[in-house]
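Visitor: Here it is, the structure in full.
The values are calculated or read from the model by the stated rules, or taken from the named source; none is laboratory data. Fair warning: this is a prediction, and the values are worked out from it, not measured in the lab. Every residue, glycine as well, gets a Cβ built from its backbone with ideal geometry; the counts of neighbours run over all protein chains shown.
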Amino acid sequence: MSGFVHGLKHRRASTDPESVDPRLRGRTYTIPFEDVWQAAVGLCDGGIRGWSIVRKNDQTGVLLALVQPGPLSKHVDIQVYITLDENAQTRTDLTAESRTERGDFGRSARLVARFLTQLDERLEAGPDTILDPARLDAFLGEHRATG
């Protein structure tokens, strides 16, 4: 389904490591949880214009944020999940859901993508610190052999 048609029908976007949309694959970082958590809190707490924190819990790794509406749009509820995966790498996933009755023209997906891009920038993350889910086994094998 094309992005335009998808946006007409959907008002929700979530990350998934196997998403066909590369913007929605989330992140697995080789960066400590606390660093990723603090960067995400900073972005959700006004670091991105229009975003504000509703609730946060670093024990569960969940941030709930609200994105203020634009001139022709509704509020969007954001859930940011920061956890350690089974390999002790920091995993970041999001869900965004527009409060509109109809599709949001892809706004939720754009908000997820924008957050991840800005999180990468804030963390100064690049190819050496963002793990590609398709190459995770190879990465872990390399580091176990040298570590």
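Visitor: Consider the stretch 112-128. How many of its residues are at pLDDT below 95 and either surrounded by 15 or more Cβ atoms within 10 Å (Cβ to Cβ) or in contact with a Cys (Cβ under 7 Å, 6 or more places away or on another chain) (or both)? Reasoning before the result, please.
Guide: Our first condition is that a residue be at pLDDT below 95; within the stretch 112-128, this holds for 126-128.
Okay, now just the ones that are also either surrounded by 15 or more Cβ atoms within 10 Å (Cβ to Cβ) or in contact with a Cys (Cβ under 7 Å, 6 or more places away or on another chain) (or both), so none.
The total comes to 0.
Visitor: On to the next question. Looking for something modelled with pLDDT of 95 or more, under 14 Å from residue 122 (Cβ atoms) and outside any loop (DSSP other than H, G, I, E, B) - is there at least one such residue anywhere in the stretch 76-85?
Guide: Yes, because at least one residue in the stretch 76-85 is modelled with pLDDT of 95 or more, under 14 Å from residue 122 (Cβ atoms) and outside any loop (DSSP other than H, G, I, E, B).
Visitor: So, of the residues in the stretch 15-48 that are in a loop (DSSP other than H, G, I, E, B) and either out of contact with any helix residue (DSSP H, G or I) (no Cβ under 8 Å at 6 or more places or on another chain) or hydroxyl-bearing (Ser, Thr, Tyr) (or both), which turns out to be nearest to residue 92 (Cα to Cα)?
Guide: Keep residues of the stretch 15-48 that are in a loop (DSSP other than H, G, I, E, B), which gives 15-21, 25-26, 30-32, 48.
This time we only want the ones that are either out of contact with any helix residue (DSSP H, G or I) (no Cβ under 8 Å at 6 or more places or on another chain) or hydroxyl-bearing (Ser, Thr, Tyr) (or both), so: 15, 19-20, 30, 32.
Details: 15: 9, 19: 14, 20: 18, 30: 11, 32: 12 Å.
Only one residue tops the list, namely 15.
Visitor: Being at pLDDT 95 or above and more than 13 Å from the chain's Cα centre (by Cα) is the requirement here; does residue 94 meet it?
Guide: Details: at pLDDT 95 or above: yes; more than 13 Å from the chain's Cα centre (by Cα): no.
Spelling it out, it is not the case that residue 94 is at pLDDT 95 or above and more than 13 Å from the chain's Cα centre (by Cα).
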